[in-house]
Every structure is written in structure tokens, then in C-alpha cells.
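The values are calculated or read from the model by the stated rules, or taken from the named source; none is laboratory data. Bear in mind the structure is a predicted one, so any value in this text is a computation, not a measurement. No Cβ is skipped: glycine too gets one built from the backbone with ideal geometry, and neighbour counts run over all protein chains shown.
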Amino acid sequence: MANFLRVELRTSKIFVTLAMKTVSVDDQARYARIARGAYLSVLHFASKALLDQTEKSRLTEELDQINSTLACFENSFTVAESNPHELERLTQLSEDSLSFCPEIQDLARRAQRFERECERTRDCVQQMLAQNHRLMAQCPKRTALPEQP
């Protein structure tokens, strides 16, 4: 259970970082929603986990940090939607505030690379599917299987 909580915390941190670094307002909202979901998941399962005092204090500290970052971001997000200059300022502030944690930045870069790879794979699959449909359309329709000798 402790490993699950650590993974969910890391997921939340990654998506908070992505939300603060992306320019697209839609992506910011989506990433913040995912980060909040991971945060809430940790809150839900933390009470059921058997953790020692050190793990509990570390978990509480990380949860507080994520929650405060998310709360600041979510509050400023509504202001930034209506004011593009505010969005630029908040992006710069978030980059400055996250510079203390290279691990989060590294995870964010890896998540962005993974997202790009997923998009390329999706595009490739769509192209192969379209090619398959074209080839199937060119083949004559068979009503019965050929006879076996």
C-alpha cells in the first residue's frame, strides 16, 4: 500500500508540474484535474494504509505541499483564463518555484516524452488502419472459402 501511495503522490507531482509548464489552457485544466484526482486518491487510501510514523509524516508533508501548490494553481487558473499576461507571470513563478526539485522536472520531461510517443503511436496505428481499409476495399469480396484439395 505504501508503494501505491508513493506512486500516486509522484503522479500528482508530475501532473502539477505539467499543468504549470504547459501553455494550453485546456491542457492546464486537464493536468490539474488529474493531479487533484491522484491527490484525493492518496487521501482516501492513506487512512487504510499501515504506515510507520516516519512514512506518515513524510506523506503528510508531501500531501500538504501538493495541496497548497494545487490550490494556488487552481485559484490563479481562473484569473489567468481571462488575463493572458497573468498566465505568463504565473508560468514564470511556477518554473522558479519548481527549480528546487530536479527530480520533479525530470519526471515531467519523461512524462512529456511519453505523451509525445503515445501520440506518434496513435497516429501510426490510424495510418495502418486506413491502409488496411484501402487494401480490403481493393480485394474482391469472397462469398465462400476456396475448396481444399
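List of remarks:
- Odd one out for ALA49 among (1) modelled with pLDDT of 85 or more; (2) not in a helix (DSSP H, G or I): (1)
- Boolean, ILE66 is modelled with pLDDT of 85 or more and in contact with a Lys or Arg (Cβ under 7 Å, 6 or more places away or on another chain): yes
- Selection status of ARG33, of a type outside the set (Phe, Trp, Tyr), surrounded by 14 or more Cβ atoms within 10 Å (Cβ to Cβ), free of Cβ contacts under 8 Å to residues at least 24 places away in the same chain and closer than 24 Å to ARG109 by Cα: no
- Pairing residues of the stretch 109-120 that are within 14 Å of THR17 (Cα to Cα) with residues that are basic (Lys, Arg), at Cβ distances under 9 Å and at least 6 apart in sequence or on separate chains, gives GLN112/LYS21.
- A count restricted to the stretch 35-50 and to residues that are over 17 Å from LEU70 (Cα atoms) and either in contact with a Cys (Cβ under 7 Å, 6 or more places away or on another chain) or of a type in the set (Lys, Arg) (or both) stands at 1.
- Those residues of the stretch 18-46 which are at pLDDT below 85, hydroxyl-bearing (Ser, Thr, Tyr) and within 17 Å of CYS72 (Cβ to Cβ), in sequence order: THR22
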